[in-house]
Amino acid sequence: MNSLICTECKKSFPLHEPIWRCACGGMLDITYNSTFPIEKIKHRPQNMWRYREALPIERKPISYQEGYTPLLPFDYDGKRLFVKQEHLFQTGSFKDRGAALLVNKIAQLGIKEVVEDSSGNAGAAVAAYCARAGIKAEIFVSQYAAQTKIRQIKSYGAKLISIDGNREKVADAALKQAHKIYYASHVWNPFFLHGVKTSAFEICEQLGWGNPNTILVPVGNGSLLLGLFLGFSELQKDGIISKLPRLIAVQAKNCSPIYDSFHHLPPGPKKKTIANGASVRHPVRTKQILDAISTTNGNVLRVEESEITKALFRLWRKGFLVEPTTALTFAALDQYETKENEKIVTFFTGHGLKSLNC
Ligand SMILES: *Cc1c(COP(=O)(O)O)cnc(C)c1O
Ligand SMILES: [Zn+2]
């Protein structure tokens with residue numbers, strides 16, 4: 001049965017219920033019976049909506065024809081990879097996948113106003129899609145967030161609410177507002193993850209309906225990792241792939257709560273990191289992130305600031321102007337032993353033009 005389901009009390013709700021959290025306070029997931037009619041999919045336009053039998057939405061009134069980003073064969077320091085170029089979306093990051101599905105859902109529910117909080121890319125993606133859909137967006141940001149990203153959010157006409165405090169304080173303020181206004185959260189709202197999962201579908205199709213052995217993914221709130229896990233799990237369930245790729249999460253040593261939990265270490269102190277897109281001290285979906293990594297026989301790696309910077313400059317010098325957060329997984333490749341014929345996928349998660357002044 002297709003429905004919203006509470007991760008705590010297991011109560012289920014119809015998909016058209018305008019809620020983002022259960023009455024018990026629990027987080028919601030979506031159960032959806034996804035199918036992949038390959039012959040039909042092949043003939044559809046090359047964008048993320050080609051997997052329509054796997055998307056929990058009835059129609060798509062608003063779109064930039066987004067998705068189907070190129071999967072680039074890439075030689076990184078002698079290691080052969082495929083890089084999914086997710087920095088090529090309308091707002092310059094993979095967050096557009098989540099925002100596209102979520103804002104379309106919101107438009108279909110007839111909701112006219114939403115709230116979201118983000119230090120940058122998720123806020124920009126939600127603001128852009130809301131602008132396109134004629135929905136009012138209120139975006140809470142920390143006044144310490146990157147100025148270019150704040151300006152980007154403002155440019156789409158969103159109402160900016162700048163909070164004097166860190167990310168946790170900003171999230172608290174947004175949560176309070178979410179008692180009155182629908183929360184288009186990239187962390188809480190399960191429709192966001194069901195947009196991000198299309199990245200897995202595309203990778204699979206671009207590999208000839210096969211799956212990679214290993215996926216290296218930066219983790220902050222875990223929306224990319226969880227979206228990929230969801231996507232590959234659905235492909236497996238429908239018999240398209242037989243095995244899930246190993247998910248290798250990468251964090252900055254200066255902020256590595258998932259690394260600490262996974263390796264049973266006491267939580268380390270949080271320090272500033274250049275990988276600001278993954279600088280999240282308490283990811284709301286921590287348990288799900290750890291489950292996904294274990295289920296796929298994956299691992300969590302962490303990298304030093306100097307390694308991130310080195311990897312970033314190396315990518316830039318090769319002609320790829322990406323965000324510092326993107327460099328996490330490339331920095332981790334130095335400590336990752338590849339096997340022969342191992343198919344590895346990683347991502348250009350965000351465009352470097354957003355963070356040249358950071
Ligand atoms: C959001 C983001 C990440 C981290 O993704 P999470 O979903 O928070 O784990 C990595 N890189 C960029 C550019 C991002 O915007
Ligand atoms: Zn509940």
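The values are calculated or read from the model by the stated rules, or taken from the named source; none is laboratory data. Predicted, not measured: the structure shown is a model, and the values here were computed from it. Positions of Cβ are backbone-derived with ideal geometry, glycine not excepted, and every protein chain shown enters the neighbour counts. Just so you know, the surface numbers come from the protein's heavy atoms only, side chains and all, with ligands and any DNA or RNA stripped out. Shrake-Rupley method; radii C 1.70, N 1.55, O 1.52, S 1.80 Å.
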For the stretch 204-224, enumerate the residues that are within 20 Å of N254 (Cβ to Cβ) and near ligand 1 (Cβ under 6 Å from one of its atoms).
P218, V219, G220, N221, G222, L224
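Quick one: how many residues across the stretch 17-31 are touching an Asp or Glu at 6+ places or on another chain (Cβ under 8 Å) and among the small types (G, A, S)? Outline the logic, then answer.
First, the residues of the stretch 17-31 that are touching an Asp or Glu at 6+ places or on another chain (Cβ under 8 Å): 22, 24-27.
Now drop any that are not among the small types (G, A, S), which leaves 25-26.
The number of residues fulfilling the criteria is 2.
Let me confirm something: among E202, E138, which residue is over 28 Å from F229 (Cβ atoms), among the acidic types (D, E) and modelled with pLDDT of 95 or more? Break it down stepwise before answering.
Numbers: E202 fails: over 28 Å from F229 (Cβ atoms).
After ruling out the rest, the residue left standing is E138.
Test of understanding: among K176, K95, K84, K112, which residue is free of Cβ contacts under 8 Å to residues at least 24 places away in the same chain and among the charged types (D, E, K, R)?
K176
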Residues of the stretch 129-145 being under 18 Å from F89 (Cβ atoms), of a type in the set (G, A, S) and within 20 Å of the chain's Cα centre (by Cα), which ones?
A137
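Based on what the data block shows, is A124 small (G, A, S) and under 20 Å from the mean Cα position of the chain (by Cα)?
Values: small (G, A, S): yes; under 20 Å from the mean Cα position of the chain (by Cα): yes.
Yes, satisfied.
One residue is enough: does the stretch 290-300 have a residue meeting the conditions open to solvent by less than 20 Å² (accessible area, probe 1.4 Å), within 28 Å of D117 (Cβ to Cβ) and part of a loop (DSSP other than H, G, I, E, B)? Spell out how you get there, then give the answer.
Here is the first cut: in the stretch 290-300, the residues open to solvent by less than 20 Å² (accessible area, probe 1.4 Å) are 292-293, 296, 298, 300.
Filter again for within 28 Å of D117 (Cβ to Cβ), leaving 292-293, 300.
Filter once more, so that each one left must be part of a loop (DSSP other than H, G, I, E, B): none.
So far as the stretch 290-300 goes, no, none of its residues is open to solvent by less than 20 Å² (accessible area, probe 1.4 Å), within 28 Å of D117 (Cβ to Cβ) and part of a loop (DSSP other than H, G, I, E, B).
Among what's in the stretch 22-38 and is over 20 Å from E205 (Cβ atoms), open to solvent by less than 50 Å² (accessible area, probe 1.4 Å) and of a type outside the set (D, E, K, R), pick the residue that is nearest to ligand 1 (Cβ to nearest atom). Talk me through it step by step, then tell me what you get.
First, the residues of the stretch 22-38 that are over 20 Å from E205 (Cβ atoms): 22-31.
Then keep just the ones that are open to solvent by less than 50 Å² (accessible area, probe 1.4 Å); that gives 22, 25-30.
Adding the requirement that they be of a type outside the set (D, E, K, R) leaves 22, 25-28, 30.
On the way: C22: 22, G25: 22, G26: 20, M27: 15, L28: 17, I30: 17 Å.
Filtering first and then ranking leaves M27.
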Of the conditions (1) buried (at least 24 other Cβ atoms within 10 Å of the Cβ); (2) of a type outside the set (K, R); (3) assigned to a loop (DSSP other than H, G, I, E, B), the single one that F201 does not satisfy is (3)
